[in-house]
Amino acid sequence: MNSHFLALHDFNEIELYGMLTFALELKDKQKKRIPHRYLDGKTVALIFEKSSTRTRVSFEVGVFQLGGHGLFISSADSQMGRGEPVKDTARVMSRYCEGVMIRTFGQDIVEEFARYSSVPVINGLTDLFHPCQIMADIMTVIEHKRTYEGLKFAWVGDGNNMANTWIEAAAIFGFDLALACPKGYEPDQQVMAWAEAKAPGRITLTTDPKEAVKDADVINTDVWASMGQEAEQKKREKDFAGYCLDDSLLALAKPDSLVLHCLPAHRGEEISDSVIEGKNSVVWDEAENRLHIQKAIMATLIK
């Protein structure tokens, strides 16, 4: 198994499914207050070049529940924020800590960090991929549907890091994925090409949200302007007209479909208040599961 967790394509279905089942076990242990100190006495550096709520809290709490110590480091608190080479920081952190989580901009940054790190590195988010979030999402689907096999997944919105990672997941786990993205906001072409080569015909791309959502078992969406794109907000609101996951769009999916959103949500933009608060929404289970899947990933990789 790969020693780092940088993207889903670094693993096969068996390895990822093992982490998912482990996460479900850890969640059960947490509910029953059964100790699971897999990181007893270990320190995990949590490096944030992008701000966060769920990623920071879930990783800090997760390390603590595993018996370790999570060390929060922001750009303002480190020399990386002042231009120290990534490879220098990586080599030093490896001497101090047993693992590193990094949430940053370019995928090349986490890959360079991992290349020079002698301890496991976990991708907490980049502009290209968000693997921890998608693993939490699939865990949530397993809890509510018992399986991901034979289900139709739909993505509505920007072809961003979430969409890219869903594409990887569909190719690896073998489920059908329909993406609806406005023209000019398509997912990464290299990711699409990789997925099509690995799982031909599993992934479809359209500009019509109704087509993507029709008969879907799981629907996922995200904000139209991600972190760093705030200046494009007004333009994106115009370009994404008709892409709001509201009651009329949800009605095209299966009656027992699940609604996912990685949060934070801009209610009234990419998702309506009635949908995120409705009976199909499993958004809060999804948010909780960030904690459990990340504990499973850390306990699997950090020795």
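Each value in this text was obtained by applying a stated rule to the coordinates, not by laboratory testing. Quick caveat: nothing in here was measured; it's all calculated off a predicted structure. In this analysis, Cβ positions are derived from the backbone assuming ideal geometry, glycine residues included, and neighbour counts consider all displayed protein chains.
In deg cm²/dmol and to the nearest 500, what is the mean residue ellipticity at 222 nm of the chain if only DSSP H runs of at least 4 residues count, each as -39500 (n - 2.57), divided by the residue total?
So the calculated ellipticity at 222 nm is -13000 deg cm²/dmol.
In a GNM of the chain with a 10 Å cut-off on Cα contacts, which of 260, 245, 151 has the highest mean-square fluctuation?
Sorting by GNM fluctuation, first place goes to 151.
Whose amide H sits under 5 Å from the amide H of residue 152, counting only residues 5 or more places off or on another chain, with H placed in the peptide plane?
Residues meeting the amide H criterion: 217, 218.
What whole number of Å gives the distance from the Cα centroid of the range 154-202 to the Cα centroid of the range 37-60?
28 Å
Relative contact order for the range 133-286 using alpha-carbon pairs under 8 Å, separation at least 6, rounded to a whole percent?
24 percent
Return 75, 94, 58 ranked ascending by Cβ neighbour count within 10 Å, so the fewest neighbours appear first.
Going from sparsest to densest Cβ surroundings: 75, 94, 58.
Would you please put 293-302, 268-277 in order of how densely packed they are, using the mean number of other Cβ atoms within 10 angstrom per residue and starting with the highest?
The densest-packed peptide leads the list: 293-302, 268-277.
Test of understanding: in a Gaussian network model of the chain with alpha carbons linked when under 10 Å, which of 154, 169, 241 would top the mean-square fluctuation ranking?
241
Can you give the FRET efficiency for residue 37 and residue 87, using 1/(1 + (r/R0)^6), R0 = 30 Å, r = Cβ-Cβ distance, to the nearest 0.05?
Once the sixth-power term is evaluated, E becomes 0.40.
Report the residue, chosen from 155, 166, 284, that carries the largest GNM mean-square fluctuation when the chain is represented by alpha-carbon nodes joined by springs under 10 Å.
Most flexible of the set in this elastic network: 284.
What is the Rg over Rh value, at two decimals, for the range 133-286, using alpha-carbon atoms and the Kirkwood definition of Rh?
0.93
Let me have the relative contact order for the chain, percent, based on Cα pairs under 8 Å that are six or more residues apart.
Averaging sequence separation for qualifying contacts and normalising by length gives 20 percent for the chain.
Could you list, in their original order, any pairs among 254/279; 27/279; 50/235; 152/235; 50/234 whose Cα atoms are separated by more than 19 Å?
27/279; 50/235; 152/235; 50/234
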